[in-house]
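Read the structure below first, then the notes.
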Amino acid sequence: MKYLLALSAVALICLSSTNSFAQKKTNPQRPKINHTKQAKFYWAGVLQKRGMTAYQYGTHILNGKSLSGKPDQPETTFALKAVKKINLNKYAGKKVIITGKKVDGYPLDSGPELIEVSAIELDKVMKMNIK
């Protein structure tokens, strides 16, 4: 009888330890993930449809400048692609301010940088010649 009682106690201990081992295995500790958001940047210039180009990325182009760059930098061309439900066609031929981020891995084939547009608005700044 004592032998049977000891054997049951050992079996109970073994089952409880394997159950806790199985729980640890099925519920591992979640790894810590460092979420970093890429900063948004701003560009200003005239937006146009892309047309035929040697590079084949982006749906539109922006002839303008980065607003986060040096003030004396020359105007350049940027390829654009919109996120969400932004209709870039609505702004074709207009001076705009773009909010977005550069897409990693671009430029390709001597093309322009690719910008993922997250917001767009008309550029309301007017240059005035005051004498």
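List of remarks:
- Only a single criterion out of (1) modelled with pLDDT under 95; (2) of a type outside the set (A, V, I, L, M, F, W, C); (3) more than 22 Å from the chain's Cα centre (by Cα) is not satisfied by TYR91, namely (1).
- Residues being outside any loop (DSSP other than H, G, I, E, B), farther than 18 Å from LYS124 by Cβ and not aliphatic (A, V, I, L, M) - total across the range 60-102: 11
- The residues in the range 70-88 that are under 15 Å from the mean Cα position of the chain (by Cα) and among the acidic types (Asp, Glu) can be counted, and the count is 0.
- Qualifying positions in the range 82-111 - farther than 15 Å from VAL46 by Cα and surrounded by 15 or more Cβ atoms within 10 Å (Cβ to Cβ): ALA82, ILE86, GLY100, LYS101, LYS102, VAL103, TYR106, PRO107, GLY111
- In the set (1) under 17 Å from THR99 (Cβ atoms); (2) modelled with pLDDT under 65, PRO31 fails one condition alone, (1).
- Taking the range 103-131 as the range and being acidic (Asp, Glu) and either in a strand (DSSP E or B) or under 21 Å from the mean Cα position of the chain (by Cα) (or both) as the test, the residues that pass are ASP104, GLU113, GLU116, GLU121.
- Every residue from the range 52-70 that is within 11 Å of PRO112 (Cβ to Cβ) and exposed (fewer than 11 other Cβ atoms within 10 Å of the Cβ): ALA54
- Residue within the range 72-79 that is modelled with pLDDT of 65 or more, of a type in the set (S, T, N, Q) and surrounded by fewer than 11 Cβ atoms within 10 Å (Cβ to Cβ) present: yes
The values are calculated or read from the model by the stated rules, or taken from the named source; none is laboratory data. No experiment lies behind these values; they were computed from the predicted model shown. Every residue, glycine among them, receives a Cβ derived from its backbone with ideal geometry; neighbour counts consider all protein chains shown.
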